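Here the structure is laid out as structure tokens; the discussion comes afterwards.
The values are calculated or read from the model by the stated rules, or taken from the named source; none is laboratory data. Just so it is clear, the model here is predicted, and its values are computed rather than measured. All Cβ positions, even for glycine, are placed from backbone atoms using ideal geometry, and neighbour counts span all protein chains on display.
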Amino acid sequence: MMTRKEAMATLLTHARDEIIVAVYSMAFELVAQRPDHPLNYTSVGAMGLASSHGLGIALGRPDRKVIVFDGDGSLLMNLGTLVTIASVAPLNFYHFLSENRTYDVNGGHTVPGGETADFAGLAAAAGYRGAHAFSDKDEFAANLGGILAGPGPVFTSLRIVPRDQTKEAPTPADYPQLYTAKARALFRATVGGGD
């Protein structure tokens, strides 16, 4: 399995001018590794809505790729989004799932169906153009370029080491950094209109 830091670092090696939507622990990881970036869209407190926010952005800006970094606990709160995304089928939508099988931000409690749910299978059954699952960081890195080069919507589940099992220092949960007026204004100015 890979750590959250490794998953984000791998993704960012391929990120150029994509909008990245990240929630909860992945949001903290995004701003730690790509601070003050005008194309970061982060949210904490809208559990289950990463994919819905990302879909709205993808439909509003079809000229830009939108990468959503969701959590498995978060996605479970809004599974219907898979069918909605597949139905609308935005070509610029790339959905990545941090699958650590826990509600990480509220103490690491196990998500329902954590050991049996097949999220990539659910996305495929919903009608995503592609669905992948990786537990090995090197395999993920080797396939990521091809995933992002193809048309969306594509779903990729990444098996992540739960926070209490990793040897890495945790990424600080810097809530004020996620919600600065400067970051919101920069995102709006960069993404708000057409190029």
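Taken over region 118-146, the criterion of being assigned to a helix (DSSP H, G or I), over 16 Å from residue 9 (Cβ atoms) and touching a strand residue (DSSP E or B) at 6+ places or on another chain (Cβ under 9 Å) is satisfied by 119, 120, 121, 122, 123, 124, 125, 126. Looking across region 156-185 at every residue that is over 24 Å from residue 37 (Cα atoms) and surrounded by 13 or more Cβ atoms within 10 Å (Cβ to Cβ), the one that is modelled with the highest pLDDT is identified as 157. Selection of region 33-49 for residues being surrounded by 14 or more Cβ atoms within 10 Å (Cβ to Cβ) and either within 22 Å of residue 85 (Cβ to Cβ) or in contact (Cβ under 8 Å) with a residue 24 or more places away in the chain (or both) yields 33, 38, 39, 40, 41, 42, 43, 44, 46, 47, 48, 49.
Pull out all pairs, ordered by first then second residue, where Cβ-Cβ is under 8 Å, the residues are six or more apart or on different chains, the first lies in region 67-91 and is over 14 Å from residue 48 (Cα atoms), and the second is among the aliphatic types (A, V, I, L, M) and exposed (fewer than 15 other Cβ atoms within 10 Å of the Cβ). What qualifies is 88/59; 90/59.
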